[in-house]
Amino acid sequence: MSMIKLGVPSKGRLMEKTFAWFAERGVTLKRTGSDREYAGAVEGAEGVELVLLSASEIPRELAAGRIHLGVTGSDLVRDKLVDWNKQVVDLAPMGFGHADLIIAVPDCWADVDTLEDLDAVAHAFRVTHGMRLRIATKYHRLVREFLTREGVADYQLVDSQGATEGTVKNLTAEAIADITSSGETLRANHLKILSDGMIHQSQATLFASRLADWGSVSDNFARFAAQLQVETQDL
């Protein structure tokens, strides 16, 4: 029997909350083996195989059709996949993993509150320093599309895979675009969110791949989707 491959985060609170979300719908997901083994099992749903992956890997596996379903942040899908809605379908927001992708600037920029202000500062920065204002981020596609849409120019994105909030203090960027939930880390690093600087409100979401082989699992998927109470007409 062909199996529906369900990719879920392999560790941490995101994994725990994903397991709890499925358990509320009568499906038990669990890790098997040692903590170092990425093996799992599914109980309460026929024909479903658990695939444990990092949250950042799941968009790629969905787009490649190697998994049928996957749980990851909506920000990661939108950032990692070009024309994401042509590759995956948003089946269900899951109500946890909330975080906002925002633009933040130093507190001391008293006259900078909006994207229009940021655009003016970026232009002045380039005239004064002969280089573009640097915005540190891990989310290049989302940030670039947002700033282009909002008409902000004269900036460059610099990659940050560590503590993005510290890049301004460390003089490797002038502003940041990053995920925040409480805002405490931003405040601790003397940063403020622009009043219109919300790029995306992210949460954990159950996605389905448009490119996976659904023909061999269609009956199982219909039963599984009904059990999870998710709509599948867009697939």
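The values are calculated or read from the model by the stated rules, or taken from the named source; none is laboratory data. Predicted, not measured: the structure shown is a model, and the values here were computed from it. Cβ sites come from the backbone with ideal geometry, for glycine too, and all protein chains shown count toward neighbours. Remember, those area values only see protein heavy atoms, side chains included, never the ligands or the DNA or RNA. Shrake-Rupley method; radii C 1.70, N 1.55, O 1.52, S 1.80 Å.
Give me the one-decimal nm value for the distance between modelled label points at GLU43 and ARG66, 7 Å along each residue's Cα-to-Cβ direction.
2.9 nm
For the chain, set up a Gaussian network in which alpha carbons nearer than 10 Å are linked by springs, and say which option among ALA92, ALA110, ALA177 fluctuates the most.
Ranking ALA92, ALA110, ALA177 by mean-square fluctuation puts ALA110 first.
Using a Gaussian network model of the chain whose springs link C-alpha atoms within less than 10 Å, name the residue from GLY215, GLY65, GLY95 with the highest mean-square fluctuation.
GLY215
Please report the net charge: other residues with Cβ closer than 14 Å to the Cβ of ASP213, K and R +1, D and E -1.
In short, 0.
List the equivalent ellipsoid semi-axes of the stretch 138-235 in whole Å, largest first, each obtained as the square root of 5λ for an eigenvalue λ of the Cα gyration tensor.
Numbers: eigenvalues 301, 51, 33 Å².
Output for the stretch 138-235: semi-axes of 39, 16, 13 Å.
Heavy atoms only, probe 1.4 angstrom, no DNA, RNA or ligands counted: give me GLU184, GLU116, GLU57, GLU174 ranked by accessible area, highest first. Walk me through the intermediate numbers first.
Details: GLU184 120, GLU116 145, GLU57 65, GLU174 25 Å².
From most accessible down to least: GLU116, GLU184, GLU57, GLU174.
Under a crude label model (7 Å from the Cα following the beta-carbon direction), how far is LYS86 from LEU211 in nanometres?
1.1 nm
With charges set only on the Cβ (+1 for Lys and Arg, -1 for Asp and Glu), what does the dipole of the chain come to about its Cα centre, in debye to the nearest 20?
Details: 25 positive and 33 negative charges, 131 e Å.
It comes to approximately 640 debye.
Need the full-extension length gain, THR28 to GLU116, defined as separation in residues times 0.36 nm minus the C-alpha distance. One decimal, nm.
Numbers: separation 88, 0.36 × 88 = 31.68 nm, distance 4.93 nm.
Full extension from THR28 to GLU116 adds 26.8 nm.
Around VAL77, under 13 Å between beta carbons, what's the net of Lys plus Arg minus Asp minus Glu among the other residues? Don't jump to the answer; show the numbers that get you there.
Details: positive: ARG60, ARG78, LYS80, LYS86, ARG141, ARG210; negative: GLU57, GLU61, ASP75, ASP79, ASP83, ASP90.
In short, 0.
I need the phi-derived Karplus couplings for the stretch 73-81: 6.51 cos²θ - 1.76 cosθ + 1.60, θ = phi - 60°, integer Hz, Gly and Pro marked x.
x, 5, 5, 5, 4, 5, 7, 8, 10
Counting only residues 5 or more places away or on other chains, whose amide H sits under 5 Å from the amide H of LEU191 once H atoms are built in the peptide plane?
For LEU191, the qualifying residues are ASP107.
Which of the lysines could a cross-linker bridge to LYS169, judged by Cα under 21 Å and excluding same-chain residues fewer than eight apart?
Candidates past the 8-residue exclusion: LYS138, LYS192.
Would you mind counting up the charge near ASP119? Only other residues with Cβ under 9 Å from its Cβ, with Lys and Arg at +1 and Asp and Glu at -1.
Details: positive: none; negative: GLU116, ASP117, GLU150, ASP154.
Every neighbour counted, the sum reads -4.
Output the peptides 224-234, 4-14 sorted from most to least packed, where packing is the average of other Cβ atoms within 10 Å over each peptide's residues.
Working: 224-234: 13.7, 4-14: 19.6.
Answer by packing, highest mean first, reads 4-14, 224-234.
Modelled label-to-label distance, GLN233 and ARG187, 7 Å Cα→beta-carbon offset: nm?
4.5 nm
Remind me, relative contact order of the chain in percent, using alpha carbon pairs under 8 angstrom and six or more residues apart?
Computed over the chain, the figure is 28 percent.
Among LEU157, GLY95, LEU147, which residue has its Cα positioned farthest towards the positive end of the charge dipole of the stretch 91-169, with +1 placed on the Cβ of Lys and Arg, -1 on the Cβ of Asp and Glu, and the dipole taken about the Cα centre?
LEU157
How large is the accessible surface per residue of the stretch 78-235, computed with a 1.4 Å probe and reported in Å² as a whole number?
Details: 8190 Å² over 158 residues.
Here the residues of the stretch 78-235 average 52 Å² of exposed surface.
Determine the gain in length on full extension of the stretch ALA226-MET131; use 0.36 nm per residue of separation and subtract their C-alpha separation, reporting nm with one decimal.
On the way: separation 95, 0.36 × 95 = 34.20 nm, distance 5.52 nm.
My answer for the length gained is 28.7 nm.
Show me, for the stretch 2-7, the HN-Hα J-couplings you get by feeding each phi into the Karplus relation (A = 6.51, B = -1.76, C = 1.60, θ = phi - 60°), rounded to Hz, glycine and proline as x.
5, 10, 6, 8, 10, x
Over the stretch 87-227, with every protein chain in place, what whole percent of the accessible area is carbon and sulfur at 1.4 Å, could you tell me?
Numbers: 3370 of 6890 Å².
Percent of accessible area from carbon and sulfur atoms in the stretch 87-227: 49.
With the cut-off at 1.5 for a/c, could you classify the chain from its C-alpha gyration tensor as rounded, prolate or oblate?
It is prolate, given that a/c is not under 1.5 and a/b is the larger ratio.
Check cross-link reach from LYS11 to the lysines: straight Cα distance under 18 Å, and skip same-chain residues fewer than eight apart.
LYS11 reaches LYS30.
Apply the Karplus parameterisation 6.51 cos²θ - 1.76 cosθ + 1.60, with θ equal to phi minus 60°, to every residue of the stretch 119-132 and state each ³J(HN,Hα) to the nearest whole Hz, in sequence, with x for glycine and proline.
Running phi through 6.51 cos²θ - 1.76 cosθ + 1.60 with θ = phi - 60° gives 4, 5, 5, 4, 5, 5, 4, 5, 5, 6, 9, x, 8, 7 Hz.
Placing +1 on the Cβ of each Lys and Arg and -1 on the Cβ of each Asp and Glu in the chain, which of THR232, GLY183, GLY44 has its Cα farthest towards the positive end of the resulting dipole?
GLY44
Restricting to DSSP loop positions (anything but H, G, I, E, B) with no more than 16 other Cβ atoms inside 10 Å of their own Cβ, which trypsin sites (Lys or Arg not before Pro) remain in the stretch 138-201? Let's see the in-between values first.
On the way: sites: LYS138, ARG141, ARG144, ARG149, LYS169, ARG187, LYS192; in loops: LYS138, LYS169.
Here the trypsin sites (Lys or Arg not before Pro) that fit, given the DSSP loop and packing criteria, are LYS169.
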